[in-house]
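> Below are the structure tokens for one structure; questions will follow.
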Amino acid sequence: MNGPLLEVSDLKVVYKTYEGTVAAVNGLDFSLHRGKTRGLVGESGAGKTTTALSILGLVPSPPGVIESGRIVFDGRDLLSLPEREMKKIRGNRISMIFQDPMTSLNPVVTVGVQISEALVAHQNLSEAAAEKRAMEMLEKVQIPGARFKEYPHEFSGGMRQRVVIAMALACNPALIIADEPTTALDVTIQAQVLELMRSLKDEFSTAMIMITHDLGVVGEVCDHIAVMYAGRIVETGTLEQLFRSAKHPYTTGLFRCIPDIEEETSLIQPIEGLMPEPLDLPKGCAFHPRCPRCMDVCRTTLPPASEENGHRVLCHLYAGGGAHA
Amino acid sequence: MNSERQSIVTLSAADGKTREKRRSPWWEVWRRLRRNKAALVGMTVVVLLVVVAVLAPVLAPYDPNQTNMTQRLKAPSSAHPLGTDNFGRDMLSRVIYGSRISLYVGFVAVGIGAIFGGILGAICGYYGGRLDNFIMRCMDVLLAIPQIILAIAIVGALGTSLLNLMIAVGISQLPRYARVVRASALTVRGQEFVEAAKAVGASDARIIVENILPNCMAPIIVQSTLGVAQAILSAAALSFLGLGIQPPTAEWGSMLSSGRQFLRQAPYLTFFPGLAISIVVLALNIFGDGLRDSLDPKLRQ
Amino acid sequence: MLRYFFKRLMFLIPVLFGVSILIFSIVHLAPGDPAEVMLGPAATQEDIANLREQLGLTKPLYVQYGIFLGNALKGDLGRSIKSNAPVMEEIMERFPATLTLALLGMTFAIVIGLPLGIIAALKQNTWVDALCSFLALVGFSIPNFWIALMLMLLLSIYIPILPSSGFDSWKNLIMPTIVLGIQTMAVIARMTRSSMLEVIRQDYVRTAKAKGISDRLVLTRHILSNVMIPVVTIAGLYFGHQLGGVVITETVFSIPGLGRLIVDAIRAQDYPVVQGGVLFFALCVGIVNLLVDLLYAVLDPRIKAQYRAAK
């Protein structure tokens, strides 16, 4: 019980398309301890969602193929588990909250059934008992339990996302993966939903992977952060470490994108350029074409990892414990 | 100007990753169609059939209407590869000549349906309002009667002739073209280039012809290809019922109908004409499906 | 819900009114003179003129139409020129056979078409998919009268296990059912496949899978329930089209139904029967569309909500 709850090592996932093979996740390592929250930050296309789907064994195949790696959850390598065993874990020990509550609920099934079906599948509850528990779960996310007979279209966006949260928590999982859970919501609703997630997470003492591109969200809920770029984690560390002393030029660039109220010059400095085409990744460090501190070596060689107190960065600037920024 | 706009539309509809040079929109369609093997097979068969129809006098070994009472109901042989009918006429020649009528009826009937339906649809979509409402209700009336029964009633009233058959089949197909064009016209109506054309004082007719119709071409072509298949089926069915092309004209449907009484002795009299219809219609449908996918990947139902 | 039903029923009336005008005009465009037809070639000019007077054919067309419509509303579609029996009676006598065929054809279409489409979609881009899709396309392309004759050749002549005509036992129904249903079957298979492929990619299916419920439950509760919505629409639309197919089926298999009634009436220039028959077909199509609308509400709670709102 002392080891990490989840340990992902050397995960590599590719999508095989007509135009070529795309490495969506390219040698990923991270771990997560019980009850903790790990933020997975990056622009869209960085491989965050693919990482989440790999953990659940739901990478769409074809075209997706998990080429290598281990995902050890609670002492078992999920990648080597048969589908039958994976089904027992999905929705039970690990569950997921998807990005868009408008599309992630089935429009023709009542929310009650959608919440209770995981209970029926995993906890051997009778329909009636599952129904009762579903109502309790609705109450937990501040929706009147009596509405469990209603259909998704009868709920607002924020309420639907709370239904999704209730669904995810129904079996009291050890790990929740939340994929941009607030992105599709109004700003005011975002804060409510986030607050609800945090309190429920504490109440159920669930570990969480929070996938987001919103550093504000990260600051609110995460203990550890991993910054992803083009399928790799370019920097990882505790919330403190990254917010206080971000090292990688991409990470510092991301932080410069948040307007700072306290600072006089509230100019946002966006990172120049776009994410590279996944089919056509640059040689060396994938970030080098956009990097303001690019060196010759960055264009040719993949940077090695350098680590200090668990704060790990993938950048030539810090190779061999070199100069601090 | 039009074609350029279309090419932009087509390109943006295409995969964002493919950074092809901007070429004509039809080249783009051809590029996608080429990848679809089934559609290519369908197209080849259709082209071959058109060639057969055009070259019928050269290809047919006999005169299709030449009777020969000594050669009645002969099974397929080297002299008559598909056998002979109850008047001793060569079935191969009749099947070859039959392709002329079927393709002719199919294309003309669809022409009638597509032109009139297209005009009605364009008017509906462009003007909207009460006129639109009235015309579309009329289309509902046409749709309320099963196609074949409507066609039968029209042929019954006008009398059986080639032209009436084509009119009947054309009218029964009218609503589908009206709907397709109307839907496209509605999406185009509010767009800036139509507003711009209005602003420089272009007449309504000109705007419809120059701006709205080109934008409906893709769905019209797809509907027409599938429509020709349907029309050939309907025309053959009417002839089969004795309400279309009359004997002795070599037409597949009526050949089937007259061969029917010899089903026991001479099944090849019904087998080959039916096979011919099936091949044409199947080829047109496969080609139409492929065309739909390559003209606009998003057009898929 | 009930009120909505009646509202939709009201929409049917202008359409049927339009159909009555259309079919009345078509029939009166016909070159033949009913009086001449009734009396045969031996009749004198005087007899014909008298009969025309008697039948009301000398009145202006709009008056004739008014009379036709007024009677039709009372359920009186006139008398057959050929048999002199009331048209309504002839229709009702023939209707059960046609209805039986139509329902059997639809059942066949659903029972075969739905699994074909589902299998094709689940095995997308494999040979199974290619085969299912090709079969559907073939079913859609082959003329039904040819299928009828080929089935007859095979099952009544070469292996004589089924009767080729008549309408007495269940054996008589097998071939007509296949012939009538095969096109609708193909349409349903194609629609099911494309609808499945669309639904499978939806976020809510991924959500359902993420819950670790069984594949069967994902398929039935989350995929098929959504797939059915467009499939029902298409099946409903095609039911009308398929209804037209009885014309062929009944002719080939000598089944005394509505389709044959109309074809025979057209050949005999029996215009009241043509008029009445077509109008009756339109009514059937309208009712089927109405039922599809209602089925829709059962399948899709979003539509049901609109119905409630329309109260």
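The values are calculated or read from the model by the stated rules, or taken from the named source; none is laboratory data. Just so it is clear, the model here is predicted, and its values are computed rather than measured. Glycine also receives a Cβ, built like all others from the backbone with ideal geometry; neighbour counts cover every protein chain displayed.
> Looking for something acidic (D, E), crowded, with 23+ Cβ neighbours inside 10 Å and part of a helix (DSSP H, G or I) - is there at least one such residue anywhere in the range C:247-258?
yes
> Turning to a different aspect of this structure: Please work out if C:A43 is in contact with an Asp or Glu (Cβ under 8 Å, 6 or more places away or on another chain) and modelled with pLDDT under 85.
Criteria met by C:A43.
> Additional query: Suppose we filter C:D76, C:D47 for residues that are more than 30 Å from C:W170 (Cα to Cα) and part of a helix (DSSP H, G or I); which single one remains?
Checking each option against the conditions leaves just C:D47.
> Follow-up. Starting from residues that are at pLDDT below 85 and polar (S, T, N, Q), keep the ones in the range A:170-198 and report whichever is surrounded by the most Cβ atoms within 10 Å (Cβ to Cβ).
In this case the residue turns out to be A:T182.
> If a residue must be assigned to a loop (DSSP other than H, G, I, E, B) and without any contact (Cβ under 8 Å) to a residue 12 or more places away in the chain, how many such residues does the range C:140-153 contain?
Summing the residues that are assigned to a loop (DSSP other than H, G, I, E, B) and without any contact (Cβ under 8 Å) to a residue 12 or more places away in the chain in the range C:140-153 gives 1.
> Tally up the residues in the range A:183-215 that are part of a helix (DSSP H, G or I), touching a helix residue (DSSP H, G or I) at 6+ places or on another chain (Cβ under 9 Å) and not charged (D, E, K, R), please.
Result for the range A:183-215: 12.
> Can you name every residue in the range B:74-97 that is in contact (Cβ under 8 Å) with a residue 12 or more places away in the chain and more than 14 Å from B:F272 (Cβ to Cβ)?
B:N86, B:F87, B:G88 - these are the residues of the range B:74-97 that are in contact (Cβ under 8 Å) with a residue 12 or more places away in the chain and more than 14 Å from B:F272 (Cβ to Cβ).
> Here is a follow-up. When you look at C:V218, is it under 19 Å from A:P60 (Cβ atoms), modelled with pLDDT of 90 or more and over 24 Å from the mean Cα position of the chain (by Cα), yes or no?
Considered against the rule, which asks whether it is under 19 Å from A:P60 (Cβ atoms), modelled with pLDDT of 90 or more and over 24 Å from the mean Cα position of the chain (by Cα), C:V218 comes out as yes.
> Let me ask something else. May I ask you to list pairs of residues, at least six apart or on different chains, whose Cβ atoms are under 7 Å apart, with the first in the range C:260-285 being outside any helix (DSSP H, G or I) and the second being of a type in the set (S, T, N, Q)?
Within 7 Å, the pairs are C:D270/C:S80.
> For residues that are buried (at least 22 other Cβ atoms within 10 Å of the Cβ) and among the β-branched types (V, I, T), scanning just the range A:23-49, find the one that is farthest from the chain's Cα centre (by Cα).
Only one residue tops the list, namely A:V25.
> When the range C:167-181 is examined, which residues are found to be under 16 Å from C:F140 (Cβ atoms) and buried (at least 23 other Cβ atoms within 10 Å of the Cβ)?
C:V179, C:L180, C:G181
> If you don't mind, another one. Considering (1) more than 8 Å from chain A (Cβ to nearest Cβ); (2) touching a helix residue (DSSP H, G or I) at 6+ places or on another chain (Cβ under 7 Å); (3) not hydrophobic (A, V, I, L, M, F, W, C), say which one C:D215 fails and leave the rest.
With (1) more than 8 Å from chain A (Cβ to nearest Cβ); (2) touching a helix residue (DSSP H, G or I) at 6+ places or on another chain (Cβ under 7 Å); (3) not hydrophobic (A, V, I, L, M, F, W, C) applied to C:D215, the lone miss is (2).
> Would you check if there is a residue in the range B:7-21 being under 24 Å from B:G288 (Cβ atoms), modelled with pLDDT of 80 or more and assigned to a helix (DSSP H, G or I)?
Looking for residues that are under 24 Å from B:G288 (Cβ atoms), modelled with pLDDT of 80 or more and assigned to a helix (DSSP H, G or I), one finds none in the range B:7-21, hence no.
> Which one of the conditions (1) surrounded by fewer than 17 Cβ atoms within 10 Å (Cβ to Cβ); (2) under 20 Å from B:I221 (Cα atoms) does B:M43 fail to meet, given that it meets all the rest?
Only one criterion is unmet by B:M43, namely (1).
> Taking the stated definitions as given, is C:S156 in a helix (DSSP H, G or I) and in contact with a Lys or Arg (Cβ under 9 Å, 6 or more places away or on another chain)?
Spelling it out, it is not the case that C:S156 is in a helix (DSSP H, G or I) and in contact with a Lys or Arg (Cβ under 9 Å, 6 or more places away or on another chain).
> Pairs please, first residue from the range B:258-286 and without any contact (Cβ under 8 Å) to a residue 40 or more places away in the chain, second anywhere and surrounded by fewer than 21 Cβ atoms within 10 Å (Cβ to Cβ) and not in a helix (DSSP H, G or I), Cβ atoms under 8 Å, 6+ apart in sequence or on different chains.
B:T270/B:L263
> Sticking with this one: Out of B:I135, B:I119, B:I149, B:I96, report the one residue that is out of contact with any Phe, Trp or Tyr (no Cβ under 7 Å at 6 or more places or on another chain), assigned to a helix (DSSP H, G or I) and buried (at least 24 other Cβ atoms within 10 Å of the Cβ).
Testing whether each residue is out of contact with any Phe, Trp or Tyr (no Cβ under 7 Å at 6 or more places or on another chain), assigned to a helix (DSSP H, G or I) and buried (at least 24 other Cβ atoms within 10 Å of the Cβ) leaves just B:I96.
> Among the residues of the range A:72-107, which ones are on the phi > 0 side of the Ramachandran plot and within 13 Å of chain C (Cβ to nearest Cβ)?
Result: A:G91, single match.
> Could you list, ordered by first residue, the pairs with Cβ atoms under 6 Å in which the first is in the range B:150-165 and within 7 Å of another protein chain (Cβ to nearest Cβ) and the second is at pLDDT below 85 and surrounded by fewer than 24 Cβ atoms within 10 Å (Cβ to Cβ), at least 6 apart or interchain?
From the range B:150-165, the pairs are B:A157/C:L29; B:A157/C:A30.
> Among the residues of the range A:116-129, is any over 22 Å from A:T212 (Cβ atoms), among the charged types (D, E, K, R) and part of a helix (DSSP H, G or I)?
yes
> C:R3 versus (1) closer than 30 Å to C:I287 by Cα; (2) at pLDDT 75 or above; (3) out of contact with any helix residue (DSSP H, G or I) (no Cβ under 6 Å at 6 or more places or on another chain): which is the lone unmet condition?
All conditions pass for C:R3, except number (2).
> Inside the range C:159-185, can you point out the residues that are of a type in the set (V, I, T) and in a loop (DSSP other than H, G, I, E, B)?
Scanning the range C:159-185 gives C:I159, C:I161.
> Residues that are in contact with a helix residue (DSSP H, G or I) (Cβ under 9 Å, 6 or more places away or on another chain), in a loop (DSSP other than H, G, I, E, B) and surrounded by fewer than 20 Cβ atoms within 10 Å (Cβ to Cβ): does the range C:296-309 have at least one?
Scanning the range C:296-309 turns up no residue that is in contact with a helix residue (DSSP H, G or I) (Cβ under 9 Å, 6 or more places away or on another chain), in a loop (DSSP other than H, G, I, E, B) and surrounded by fewer than 20 Cβ atoms within 10 Å (Cβ to Cβ).
So that you can scan it fast, the table gives a plain yes or no per residue for (1) at pLDDT below 90; (2) surrounded by fewer than 22 Cβ atoms within 10 Å (Cβ to Cβ); (3) basic (K, R); (4) farther than 30 Å from B:R182 by Cβ:
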position	(1), (2), (3), (4)
B:C216	yes, no, no, no
B:I221	yes, yes, no, no
B:Q230	no, no, no, no
B:S234	no, no, no, no
B:L238	no, no, no, no
B:G242	yes, yes, no, yes
B:Q246	yes, yes, no, yes
B:A250	yes, no, no, yes
B:F262	yes, yes, no, yes
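> Oh, and also: C:S194 fails exactly one of the following numbered conditions: (1) within 18 Å of the chain's Cα centre (by Cα); (2) closer than 30 Å to A:S61 by Cα; (3) within 11 Å of chain B (Cβ to nearest Cβ). What is the number of that condition?
Condition (1) is where C:S194 drops out.
> Follow-up. Going by what's in this entry, would B:Q223 be described as away from every other protein chain (no Cβ under 14 Å) and of a type outside the set (S, T, Y)?
yes
> Would you point out which residue out of C:L224, C:L237, C:L243 is assigned to a helix (DSSP H, G or I) and either more than 10 Å from every other protein chain (Cβ to nearest Cβ) or over 23 Å from B:P146 (Cβ atoms) (or both)?
Testing whether each residue is assigned to a helix (DSSP H, G or I) and either more than 10 Å from every other protein chain (Cβ to nearest Cβ) or over 23 Å from B:P146 (Cβ atoms) (or both) leaves just C:L224.
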